[in-house]
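First up is the structure itself, then whatever we jot down about it.
The values are calculated or read from the model by the stated rules, or taken from the named source; none is laboratory data. Predicted, not measured: the structure shown is a model, and the values here were computed from it. Please note: Cβ atoms are built from the backbone with ideal geometry, for glycine as well, and neighbour counts cover all protein chains shown.
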Amino acid sequence: MIIALWDIETGTLVDEYRSETAALTAVYQVVQTHGERYAETFALVRDDGVHAPRTISAGSDLVARARQSHDQSQRDRLASAR
(Lines give C-alpha, C1' and ligand atoms only; values in the text may rest on other atoms or scores of the structure.)
Protein backbone atom coordinates (compact mmCIF):
# COMPACT_ATOMS: atom_id res chain seq x y z
CA MET A 1 0.00 0.00 0.00
CA ILE A 2 1.17 3.50 -0.81
CA ILE A 3 0.07 6.80 0.63
CA ALA A 4 0.51 9.43 -2.07
CA LEU A 5 0.72 13.16 -1.50
CA TRP A 6 -0.81 15.08 -4.40
CA ASP A 7 -0.87 18.76 -5.23
CA ILE A 8 -4.55 19.24 -6.02
CA GLU A 9 -4.02 22.57 -7.80
CA THR A 10 -1.55 21.21 -10.35
CA GLY A 11 -2.55 17.54 -10.29
CA THR A 12 1.04 16.44 -9.69
CA LEU A 13 2.37 13.75 -7.41
CA VAL A 14 4.51 15.32 -4.69
CA ASP A 15 5.75 12.16 -2.95
CA GLU A 16 4.83 8.66 -1.82
CA TYR A 17 5.01 7.19 1.70
CA ARG A 18 4.76 3.75 3.23
CA SER A 19 2.49 4.94 6.04
CA GLU A 20 -0.08 7.60 6.73
CA THR A 21 1.93 8.70 9.78
CA ALA A 22 4.99 9.36 7.61
CA ALA A 23 2.90 11.33 5.14
CA LEU A 24 1.29 13.41 7.90
CA THR A 25 4.74 14.15 9.31
CA ALA A 26 5.80 15.43 5.89
CA VAL A 27 2.69 17.61 5.63
CA TYR A 28 3.37 19.01 9.12
CA GLN A 29 6.91 19.90 8.03
CA VAL A 30 5.51 21.68 4.97
CA VAL A 31 3.18 23.67 7.24
CA GLN A 32 6.13 24.67 9.43
CA THR A 33 8.28 25.64 6.45
CA HIS A 34 5.81 27.16 3.97
CA GLY A 35 2.65 27.81 5.96
CA GLU A 36 -0.87 26.42 6.09
CA ARG A 37 -2.09 27.95 2.83
CA TYR A 38 0.62 26.17 0.86
CA ALA A 39 -0.09 22.83 2.57
CA GLU A 40 -3.82 23.25 1.96
CA THR A 41 -3.16 22.59 -1.74
CA PHE A 42 -2.37 18.94 -0.91
CA ALA A 43 -4.38 15.73 -0.71
CA LEU A 44 -3.40 12.35 0.75
CA VAL A 45 -4.55 9.37 -1.30
CA ARG A 46 -4.40 5.68 -0.30
CA ASP A 47 -3.60 3.29 -3.15
CA ASP A 48 -3.47 -0.42 -2.35
CA GLY A 49 -3.00 -1.45 -5.97
CA VAL A 50 -6.23 -3.46 -5.93
CA HIS A 51 -9.08 -1.01 -5.40
CA ALA A 52 -9.55 2.46 -6.79
CA PRO A 53 -7.36 5.01 -4.97
CA ARG A 54 -9.19 6.69 -2.08
CA THR A 55 -8.69 10.20 -0.75
CA ILE A 56 -7.84 10.13 2.95
CA SER A 57 -7.86 13.87 3.53
CA ALA A 58 -7.31 17.12 1.64
CA GLY A 59 -6.99 20.86 2.10
CA SER A 60 -7.53 22.36 5.55
CA ASP A 61 -8.71 19.00 6.88
CA LEU A 62 -5.33 17.51 5.94
CA VAL A 63 -3.49 20.33 7.69
CA ALA A 64 -5.58 19.74 10.83
CA ARG A 65 -4.84 15.98 10.70
CA ALA A 66 -1.12 16.67 10.32
CA ARG A 67 -1.19 18.96 13.38
CA GLN A 68 -3.15 16.38 15.40
CA SER A 69 -0.74 13.63 14.40
CA HIS A 70 2.23 15.78 15.41
CA ASP A 71 0.64 16.71 18.74
CA GLN A 72 -0.15 13.06 19.50
CA SER A 73 3.40 12.05 18.63
CA GLN A 74 4.74 14.68 21.04
CA ARG A 75 2.43 13.46 23.83
CA ASP A 76 3.51 9.86 23.18
CA ARG A 77 7.19 10.83 23.41
CA LEU A 78 6.65 12.67 26.67
CA ALA A 79 4.72 9.73 28.14
CA SER A 80 7.41 7.22 27.14
CA ALA A 81 10.15 9.41 28.66
CA ARG A 82 8.60 9.13 32.12
Could you please give the count of residues in the stretch 4-37 that are surrounded by 11 or more Cβ atoms within 10 Å (Cβ to Cβ), over 12 Å from the mean Cα position of the chain (by Cα) and over 20 Å from Asp71 (Cα atoms)? 2
Across (1) surrounded by fewer than 15 Cβ atoms within 10 Å (Cβ to Cβ); (2) touching a Lys or Arg at 6+ places or on another chain (Cβ under 6 Å); (3) not hydrophobic (A, V, I, L, M, F, W, C), Thr55 clears everything bar (2)
Which numbered condition Met1 misses (of (1) at pLDDT 95 or above; (2) exposed (fewer than 14 other Cβ atoms within 10 Å of the Cβ)): (1)
